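Here's the structure we're looking at; comments come further down.
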Amino acid sequence: MKISVIGAGYVGLTTAACLAQIGHDVFCSESDKQKLGMLQAGVMPVFEPHLEHVVKNACSAGRLRFGATEEAIGWADAIFICVGTPPLANGDADLSAIESVARMIAKRASGYRLIVEKSTVPVQTGAQLRKHLLVHSTNGLKYDVASNPEFLREGTSVEDFLHPDRIVIGVDASRAEKMLREIYEPIIDQIFDCPIHDACGQRKESAFLVTDTGSAELIKHAANSFLAMKISFINMVANLCEAVGADVTKVAQGMGLDPRIGSTFLNPGIGFGGFCLPKDVQAFIRIAEKSGCDFSLLKEVETINQRRVEHFVEKIRKELWVLRGKRICLWGLAFKPNTDDIRFAPAIAIAKTLLAERMQVRAFDPQAMEKAKTLLPEITYCNNAYEAAEGADAVLLLTEWEEFRRTDWCHLATLVERPLIIDGRNALPLEDLTRSGFEYIGIGGPSASPRLEPVMIRV
Ligand SMILES: NC(=O)c1ccc[n+]([C@@H]2O[C@H](COP(=O)([O-])OP(=O)(O)OC[C@H]3O[C@@H](n4cnc5c(N)ncnc54)[C@H](O)[C@@H]3O)[C@@H](O)[C@H]2O)c1
């Protein structure tokens, strides 16, 4: 099928490349001229594992190209809208990019188009889209609007797109359902040339759930809000563990063994970030408010999350006493590992607070430093984790990149001013660290200090 994808961000570029990978002809448009120029020159504007390879393959097979939105709209049978829906100051999702694409479709397209909302939008956006396409249409446009929320996670977006747990489509017309089934058929049946795995035949088929448009829109916001709630819940349990001397890792393990709860998203830390959870929780609260439903449960989820940065900085203050002038090392800036995305990253909020305290902040992140440099030029950006730790009064783990776990702790101990690790993700090997002479402070658990050991033996 001829498919246009509007917006070449994390979602749009993954969608375009993967749809081309499974055999469709795809035109991906991007309004940011610099990003579009990069894509047309074969340079990736974002870091995402496997994506570059899939994009390059699809382009050289002639199934993927990049260009202007006007051209994309005129060309395709189905148009996937993947533009950003950032939060407004009041928490509402900003739908101006969606609206502007809708106007363009109404004015430029003639004949039938299936218009698919893949961006995360509030319930009833599909109904608004239908209305506005009708109002602005000038060229005899016939269309269906469908919702197809995206559940991919940055860092594993290609894998998630090609091997999803579920594909949800919200449709109000049988033609739309038929087209979307056809588009996703290779993924539903898991029959395509997989760019990631050798033996995909053994993978389970993906669930294909068909609903009305409004329900599909709600599924996305409800799912993300639920995940956010799980994180805030375990973060509160972590606070309680710190207060009573229990170990949140064990508590989470014990909870997660119940299949009704499950073990994922039960990792305490410095809070959730990124372009999805914080804004989707806010938007869901606003949707509920506007619909007359008091979803104060989610307001608490948000408040707990906002306090995580403050809570973490308090841990640093408790250990270092005076912050001003001290040298601190940040490991990780991205909101999670395997991405260069720093949008709403708790690491960035922590860095800003420490800079405001006039600390000397040094940082290393394997992928996110270019993006962070424009936002926080005051940080000293380093070439690797060891360089960042030189002379530091404390090393803070803020993003749990795998390479940080593989640090040579004995070597690190020779570089720092004080062997203190404050692990905001409970991801580092406590025993190795203490054996190498580090004091270790985690989240919601017993902290470990090697210096206490001789005292205990003498007693
Ligand atoms: N990032 C994620 O992990 C993720 C996961 C699921 C859903 N979503 C949702 O998907 C949507 C996109 O997210 P993202 O992270 O890809 O955002 P993004 O900001 O990375 O990408 C959006 C892109 O759309 C482009 N754009 C805006 N208007 C355009 C137009 N008229 N024509 C062409 N391009 C245009 C922007 O320049 C930008 O490059 C959001 O609604 C988000 O909530 C994101």
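For the reader, a short list of remarks on this structure follows.
- Any hit, the range 78-91, residues being of a type in the set (Val, Ile, Thr), within 30 Å of Phe284 (Cα to Cα) and in a loop (DSSP other than H, G, I, E, B): yes
- Of all residues in the range 316-325, those being surrounded by fewer than 20 Cβ atoms within 10 Å (Cβ to Cβ) and touching a residue at least 40 places away in the same chain (Cβ under 8 Å) number 2.
- Restricting the range 94-123 to residues that are among the small types (Gly, Ala, Ser) and within 12 Å of the ligand (Cβ to nearest atom), the residue that is nearest to the chain's Cα centre (by Cα): Ser119
- Among residues that are without any contact (Cβ under 8 Å) to a residue 60 or more places away in the chain and either of a type in the set (Val, Ile, Thr) or in a loop (DSSP other than H, G, I, E, B) (or both), Asp258 is included.
- In the range 6-29, residue farthest from Pro195 (Cα to Cα) [restricted to those that are more than 8 Å from the ligand (Cβ to nearest atom) and part of a loop (DSSP other than H, G, I, E, B)]: His24
Quick grid of which residues meet (1) in contact with a helix residue (DSSP H, G or I) (Cβ under 9 Å, 6 or more places away or on another chain); (2) buried (at least 21 other Cβ atoms within 10 Å of the Cβ); (3) not in a helix (DSSP H, G or I):
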{"position": "Val158", "(1), (2), (3)": "yes, yes, no"}
{"position": "Phe161", "(1), (2), (3)": "yes, yes, no"}
{"position": "Asp172", "(1), (2), (3)": "yes, no, yes"}
{"position": "Lys178", "(1), (2), (3)": "no, no, no"}
{"position": "Glu182", "(1), (2), (3)": "no, no, no"}
{"position": "Gln190", "(1), (2), (3)": "yes, no, yes"}
{"position": "Asp193", "(1), (2), (3)": "yes, no, yes"}
{"position": "Lys220", "(1), (2), (3)": "yes, yes, no"}
{"position": "Cys241", "(1), (2), (3)": "yes, yes, no"}
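- Subset of the range 92-109 (residues that are part of a loop (DSSP other than H, G, I, E, B) and either in contact with a helix residue (DSSP H, G or I) (Cβ under 7 Å, 6 or more places away or on another chain) or surrounded by 18 or more Cβ atoms within 10 Å (Cβ to Cβ) (or both)): Asp92, Leu95, Ala109
- Residue within the range 179-196 that is in contact (Cβ under 8 Å) with a residue 24 or more places away in the chain, among the basic types (Lys, Arg) and closer than 21 Å to Ala223 by Cβ present: no
- The range 41-56 - residue that is within 14 Å of the ligand (Cβ to nearest atom) and within 13 Å of Ala16 (Cβ to Cβ) and, of those, surrounded by the fewest Cβ atoms within 10 Å (Cβ to Cβ): Met44
- Set side by side, the residues Arg327, Arg307, Arg358 differ, and just one is under 17 Å from Ala228 (Cβ atoms) and either at pLDDT 95 or above or out of contact with any helix residue (DSSP H, G or I) (no Cβ under 6 Å at 6 or more places or on another chain) (or both), which is Arg307.
- Only one of Ala363, Ala334 that is more than 18 Å from the chain's Cα centre (by Cα), crowded, with 19+ Cβ neighbours inside 10 Å and not charged (D, E, K, R): Ala363
- In the range 146-161, the residues that are within 17 Å of Ile22 (Cα to Cα) and touching a residue at least 12 places away in the same chain (Cβ under 8 Å) reach residues that are outside any loop (DSSP other than H, G, I, E, B) and of a type in the set (Asp, Glu) with C-beta atoms within less than 8 angstrom, at least six apart or across chains, in these pairs: Leu152/Asp160.
- Residue in the range 267-308 that is surrounded by the most Cβ atoms within 10 Å (Cβ to Cβ), counting only those that are acidic (Asp, Glu) and not in a loop (DSSP other than H, G, I, E, B): Asp280
- Filter result for Ile196 (under 26 Å from the mean Cα position of the chain (by Cα) and at pLDDT 95 or above): no
Per-residue answers, yes or no, for (1) out of contact with any Pro (no Cβ under 9 Å at 6 or more places or on another chain); (2) under 19 Å from Thr15 (Cα atoms); (3) at pLDDT 95 or above:
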residue	(1), (2), (3)
Phe192	no, yes, no
Ala216	no, yes, yes
Ser225	yes, no, yes
Ala228	no, no, yes
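- The set of residues from the range 30-44 being part of a loop (DSSP other than H, G, I, E, B) and over 25 Å from Ile115 (Cβ atoms) comprises Ala41, Gly42, Val43, Met44.
- Members of the range 398-445 that are assigned to a helix (DSSP H, G or I) and either closer than 24 Å to Asn267 by Cα or charged (D, E, K, R) (or both): Glu402, Glu403, Phe404, Arg405, Trp409, Leu430, Glu431, Asp432, Leu433, Thr434, Arg435
- Subset tally (residues that are basic (Lys, Arg), surrounded by fewer than 19 Cβ atoms within 10 Å (Cβ to Cβ) and more than 22 Å from Tyr440 (Cβ to Cβ)) for the range 370-418: 1
- From the list Gly126, Gly91, Gly84, the one residue that fits, being closer than 30 Å to Gly274 by Cα, within 15 Å of the ligand (Cβ to nearest atom) and modelled with pLDDT under 95, is Gly91.
- Members of the range 222-272 that are charged (D, E, K, R) and closer than 28 Å to Val168 by Cβ: Lys230, Asp258, Arg260
- Taken over the range 327-371, residues that are in a strand (DSSP E or B) and hydrophobic (A, V, I, L, M, F, W, C) amount to 7.
- Checked against the criteria, Asp212 does not count as farther than 26 Å from Ile342 by Cβ, more than 23 Å from the chain's Cα centre (by Cα) and modelled with pLDDT under 95.
- In the range 57-74, residue surrounded by the fewest Cβ atoms within 10 Å (Cβ to Cβ) [restricted to those that are away from the ligand (no atom under 14 Å from the Cβ) and in a helix (DSSP H, G or I)]: Ser60
The values are calculated or read from the model by the stated rules, or taken from the named source; none is laboratory data. Treat the numbers as computed from the prediction; the structure is a model and nothing was measured. Note that we place each Cβ from the backbone using ideal geometry, even for glycine, and neighbour counts take in every protein chain shown.
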